[in-house]
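Structure record follows, encoded as structure tokens.
The values are calculated or read from the model by the stated rules, or taken from the named source; none is laboratory data. No experiment lies behind these values; they were computed from the predicted model shown. FYI the Cβ positions are ideal-geometry reconstructions off the backbone, even for glycines, and counts take in every protein chain you see. Just so you know, the surface numbers come from the protein's heavy atoms only, side chains and all, with ligands and any DNA or RNA stripped out. Shrake-Rupley method; radii C 1.70, N 1.55, O 1.52, S 1.80 Å.
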Amino acid sequence: MPQQVQGVVAPGRNEPVRVETILIPDPGPGEAVVKIQACGVCHTDLHYKQGGINDDFPFLLGHEAAGIVESVGPDVTDVAPGDFVILNWRAVCGQCRACLRGRPWYCFATHNARRKMTLTDGRELSPALGIGAFAEKTLVAAGQCTKVDPAVAPEVAGLLGCGVMAGIGAAINTGEVGRGDSVAVIGCGGVGDAAIVGSRLAGAARIIAVDIDDRKLDTARRMGATHTVNSRTTDPVEAIRELTGGFGADVVIEAVGRPETYRQAFYARDLAGTVVLVGVPTPEMTLELPLLDVFGRGGALKSSWYGDCLPSRDFPMLIDLHQQGRIDLGAFVTETIGLGDVEKAFARMHEGDVLRSVVVL
């Protein structure tokens with residue numbers, strides 16, 4: 001029997017979001033219904049609202065979430081009712097060529113729930129990143145649920161569902177930051193700050209934060225940056241080189257997703273250094289670099305999807321580190337809000353004074 005719950009829906013391109021009654025079906029094979037306890041407000045949700053992902057309106061927004069498994073469908077064995085879980089948007093299949101080669105973080109066949117959540121008039125909802133967690137309950141593939149220690153606060157745990165995991169993973173998994181490395185992070189929003197945390201955790205000796213907003217640079221220092229550069233007033237490439245003996249950083253993490261900042265990252269790395277693109281560009285963006293420079297500087301140019309994470313491996317590990325006091329996930333939570341405050345939270349993103357607004361249910 002379908003359940004009626006409240007959820008935040010984006011009805012059309014650039015229209016204000018609204019709280020509506022939605023219908024959650026019983027879970028089918030391989031599916032789970034999760035009672036949401038907390039969900040972060042991510043830029044990706046704003047992109048959905050703006051039509052920057054696709055035009056499959058109406059969207060049920062929210063994807064950076066934690067909650068309690070309420071019920072499961074047939075053939076579900078990894079989670080059970082009562083489990084505290086973080087939701088992830090890359091449920092690995094276990095059967096594709098990447099999974100079979102032992103690289104499940106590159107899974108080419110991630111899956112979502114097959115049954116559809118709907119509005120009361122029968123219109124099917126498109127859940128953001130296959131999750132749709134700005135709601136009292138949501139339906140997901142059971143593989144999107146990762147069990148973690150229930151002692152951690154939901155508003156903290158849920159952040160690993162997207163932005164914080166993307167940033168930490170960009171440093172540790174994709175960039176392979178090592179002990180004594182120099183790292184530059186361009187763009188100090190939530191993902192960039194998480195990359196700073198990940199770099200510090202990996203043992204980087206010098207972590208250079210770059211942004212155009214001094215408030216964000218102050219936050220980056222609190223997160224572990226050893227040096228800051230305001231690129232509105234200073235050439236960031238030259239500044240990074242000066243701070244690294246004239247050579248450039250071993251790893252440069254671009255957390256903006258724009259051609260001009262990617263070029264800065266490319267030229268701010270040391271010879272044979274690594275550039276990691278974790279900022280998400282828009283479809284019309286293009287990049288031009290001299291091919292000789294790409295060849296002559298060597299090293300690696302990498303993209304980082306979801307921090308190349310494996311949720312079953314990385315989520316419990318990072319929760320453990322948080323509980324040990326080795327990383328402070330709570331530092332990313334700027335404010336907690338209700339379902340009816342999501343539109344205001346989108347507006348706050350542009351003000352530059354919030355890392356994460358988190359919906360608490």
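Results, tabulated for the structure shown:
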| read-out | value |
| --- | --- |
| Rg(Cα) / (2.2 N^0.38 Å) computed for the range 1-160, rounded to two decimals | 1.00 |
| Added length on full extension, which subtracts the Cα-Cα distance from 0.36 nm per residue, Ser312 to Lys344 | 8.2 nm |
| Listed residues Gly122, Gly279, Gly94, most fluctuating in the chain (Gaussian network, C-alpha, under 10 Å) | Gly122 |
| Whole-percent carbon and sulfur share, accessible surface of the chain, 1.4 Å | 50 percent |
| Förster-model FRET efficiency, 30 Å R0, Leu301 and Asn14, C-beta, rounded to 0.05 | 0.35 |
| Gain in span if fully extended, Ala205 to Gln95, counting 0.36 nm per residue against the direct Cα distance | 35.6 nm |
| Chain lengthening between Glu176 and Leu271 when straightened (0.36 nm per residue, less Cα-Cα) | 32.6 nm |
| Rounded if a/c under 1.5, otherwise prolate or oblate - the range 209-256, Cα gyration tensor axes | prolate |
| Cleavage-rule hits (trypsin sites (Lys or Arg not before Pro)) in the range 1-110: DSSP loop, at most 10 neighbouring Cβ within 10 angstrom | Arg101 |
| Estimated Rh, the range 213-305: Kirkwood, alpha-carbon pairs, angstrom | 14.0 Å |
| Rule-of-thumb Rg ratio for the range 7-52 [Cα; 2.2 N^0.38 Å; N residues] | 1.39 |
| Alpha carbon Rg of the range 228-361, scaled by the compact-globule rule 2.2 N^0.38 Å | 1.29 |
| Ellipsoid semi-axes in whole angstrom, largest first, where each is sqrt(5λ) of the Cα gyration tensor of the range 117-250 | 37, 17, 13 |
| Per-selection Rg to Rh, the chain - Cα, Kirkwood hydrodynamic radius | 0.98 |
| Dimensions (Å) - the range 132-207, Cα atoms, principal axes, largest first | 44, 24, 22 |
| Euclidean distance between Cα centres, the range 18-85 to the range 321-352, Å | 19 Å |
| Rough spin-label spacing in nm, given labels placed 7 Å along Cα→Cβ, for Arg222 and Met1 | 4.8 nm |
| Residues in the range 220-263 that a label on Thr286 would reach, taking backbone N under 15 Å of a point 7 Å out along Cα→Cβ | 259-260 |
| Whole-Å distance, taken between Cα centres, linking the range 215-237 and the range 99-151 | 36 Å |
| For the chain, calculated [θ]222 nm from helices alone, where every DSSP H run of n ≥ 4 adds -39500 (n - 2.57) | -7000 deg cm²/dmol |
| Loop-resident sites, the range 293-333, for trypsin sites (Lys or Arg not before Pro), counting at most 12 other Cβ within 10 Å (DSSP) | Arg326 |
| The range 27-128: chymotrypsin sites (Phe, Trp or Tyr not before Pro) falling in loop per DSSP and having at most 16 other Cβ within 10 Å | Phe108 |
| Most mobile listed residue (Gly62, Gly73, Gly245) in the chain, GNM with C-alpha springs under 10 Å | Gly245 |
